[in-house]
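Student: Please see the structure below; I have some questions.
The values are calculated or read from the model by the stated rules, or taken from the named source; none is laboratory data. A quick note: this is a predicted structure, and the numbers were derived from the prediction, not measured. A quick note on method: Cβ atoms are made from the backbone with ideal geometry, for glycine too, and the neighbour counts reach across all protein chains shown. Calculation scope for accessible area: heavy atoms of the full protein, side chains included, ligands and nucleic acids excluded. Shrake-Rupley method; radii C 1.70, N 1.55, O 1.52, S 1.80 Å.
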Amino acid sequence: MADSYVRKNLQSIENSLKPYGAQLLPVTKTFGTEVIALAYAEGYRCFGENRVQELLPKYEALPKDIEWHLIGHLQSNKVKYIAPFIGLIQSVDSEKLLAEIDRQANRCGRTIRCLLQVYIAREETKFGWAPEEVLEWVKAGKFRNYAHVEITGLMGMASNSSDTDLVRAEMKGLRQLFDQLKNHAEPGKLDMKTLSMGMSSDYQIACEEGATLVRMGSAVFGQR
Ligand SMILES: *Cc1c(COP(=O)(O)O)cnc(C)c1O
């Protein structure tokens, strides 16, 4: 049952992403390893988790060729637990956090890929950089202070709203910032390749507005 349910969801989502060339990141938070294994069997190797405590046992239990993405707020004191293996930290919401990721990556002898999480929603609860702040920070070349991280794009969350015009405007703004930052690329340090925006409720709009990666949990695995 669960098997064919997940497979059908994956297929229909992939069909709707195809015209846009966007990649699906299945978000596995709250779902058990047996459910993740279904998507793994379908060929998926990247999964998103939002909490370190939940990610660690899943990392231990599942095949090591999985590339894990951290997508939720990350406390600086937890970076050390994921630094040895994390594939991409999408939720870098402050320079202080980036500095700690850099420090832990150095200790592990790795370069850790990161996305800067940009605050685009008109909601108080979302973490992230202000768009102007990111632009100034990049123009000033501040990213060069961190030798063990590579900034490969931006992540954003639009307002949780039924006002699709608002959601679209927020996503359009993020896309414009993403395009502006492309002009400041320095290979291996900062290179805007990934624009992570869109979730189960708004991925269609995200694709239309140029997302390269959509993060989807409930539309793949069911309600949490
Ligand atoms: C849970 C989560 C998602 C996926 O949400 P769904 O509504 O289940 O698709 C996407 N991004 C972040 C940051 C999340 O925490």
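Student: For the range 134-152, enumerate the residues that are surrounded by 15 or more Cβ atoms within 10 Å (Cβ to Cβ) and without any contact (Cβ under 8 Å) to a residue 60 or more places away in the chain.
Tutor: Val134, Leu135, Trp137, Val138, Phe143, Tyr146, His148, Val149, Glu150, Ile151
Student: Just checking, does the range 104-113 include any residue being open to solvent by less than 30 Å² (accessible area, probe 1.4 Å) and out of contact with any Ser or Thr (no Cβ under 8 Å at 6 or more places or on another chain)?
Tutor: yes
To keep it simple, each residue is scored yes or no on (1) more than 12 Å from the ligand (Cβ to nearest atom); (2) among the charged types (D, E, K, R); (3) in contact with a Gly (Cβ under 6 Å, 6 or more places away or on another chain).
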{"residue": "Met192", "(1), (2), (3)": "yes, no, yes"}
{"residue": "Gly198", "(1), (2), (3)": "no, no, no"}
{"residue": "Arg215", "(1), (2), (3)": "no, yes, yes"}
{"residue": "Val220", "(1), (2), (3)": "no, no, no"}
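Student: Oh, and also: Can you tell me which residue among Glu100, Glu42 is open to solvent by 60 Å² or more (accessible area, probe 1.4 Å) and either within 15 Å of the chain's Cα centre (by Cα) or away from the ligand (no atom under 14 Å from the Cβ) (or both)?
Tutor: Glu42
Student: Tell me yes or no: at least one residue of the range 156-175 is within 19 Å of His69 (Cβ to Cβ), in contact with a strand residue (DSSP E or B) (Cβ under 9 Å, 6 or more places away or on another chain), part of a strand (DSSP E or B) and within 16 Å of the ligand (Cβ to nearest atom).
Tutor: Scanning the range 156-175, I find at least one residue that is within 19 Å of His69 (Cβ to Cβ), in contact with a strand residue (DSSP E or B) (Cβ under 9 Å, 6 or more places away or on another chain), part of a strand (DSSP E or B) and within 16 Å of the ligand (Cβ to nearest atom), so the answer is yes.
Student: Given (1) open to solvent by less than 10 Å² (accessible area, probe 1.4 Å); (2) free of Cβ contacts under 8 Å to residues at least 40 places away in the same chain; (3) out of contact with any strand residue (DSSP E or B) (no Cβ under 9 Å at 6 or more places or on another chain), identify the lone condition not met by Phe178.
Tutor: Going through (1) open to solvent by less than 10 Å² (accessible area, probe 1.4 Å); (2) free of Cβ contacts under 8 Å to residues at least 40 places away in the same chain; (3) out of contact with any strand residue (DSSP E or B) (no Cβ under 9 Å at 6 or more places or on another chain) one by one, Phe178 breaks only (3).
Student: Ok, one more. Inside the range 33-57, can you point out the residues that are under 27 Å from Val118 (Cβ atoms) and of a type in the set (D, E, K, R)?
Tutor: Arg45, Glu49, Arg51, Glu54
Student: Follow-up question, since we're still on this one. Among the residues of the range 15-36, are any free of Cβ contacts under 8 Å to residues at least 60 places away in the same chain, aliphatic (A, V, I, L, M) and either away from the ligand (no atom under 16 Å from the Cβ) or more than 20 Å from Thr194 (Cβ to Cβ) (or both)?
Tutor: Yes, the range 15-36 contains a residue that is free of Cβ contacts under 8 Å to residues at least 60 places away in the same chain, aliphatic (A, V, I, L, M) and either away from the ligand (no atom under 16 Å from the Cβ) or more than 20 Å from Thr194 (Cβ to Cβ) (or both).
Student: Quick check on this structure: which one of Ser91, Ser76 is among the hydroxyl-bearing types (Ser, Thr, Tyr) and within 18 Å of Val214 (Cα to Cα)?
Tutor: Only one candidate qualifies: Ser91.
Student: Let me ask something else. Do any residues in the range 52-73 that are over 19 Å from Val214 (Cα atoms) have Cβ atoms under 7 Å from those of residues that are more than 16 Å from the ligand (Cβ to nearest atom), where the two are at least six apart or on different chains, and which pairs are they?
Tutor: Between residues of the range 52-73 that are over 19 Å from Val214 (Cα atoms) and residues that are more than 16 Å from the ligand (Cβ to nearest atom), the close pairs are Val52/Tyr81; Leu56/Tyr81; Lys58/Thr33; Tyr59/Phe85; Ala61/Thr33; Leu62/Thr33; Pro63/Tyr40; Asp65/Arg45.
Student: To continue, here is another question. Please go through the range 181-202 and pick out each residue that is open to solvent by 20 Å² or more (accessible area, probe 1.4 Å), touching a residue at least 40 places away in the same chain (Cβ under 8 Å) and not in a loop (DSSP other than H, G, I, E, B).
Tutor: Glu186, Asp191, Lys193, Thr194, listed by residue number.
Student: Does any residue of the range 108-128 turn out to be within 16 Å of the ligand (Cβ to nearest atom), small (Gly, Ala, Ser) and closer than 22 Å to Lys172 by Cβ?
Tutor: Yes: the range 108-128 contains one or more residues that are within 16 Å of the ligand (Cβ to nearest atom), small (Gly, Ala, Ser) and closer than 22 Å to Lys172 by Cβ.
Student: Take the residues in the range 7-39 that are part of a helix (DSSP H, G or I) and charged (D, E, K, R); name whichever of them is least open to solvent (accessible area, probe 1.4 Å).
Tutor: Restricting to residues being part of a helix (DSSP H, G or I) and charged (D, E, K, R), the top hit is Glu14.
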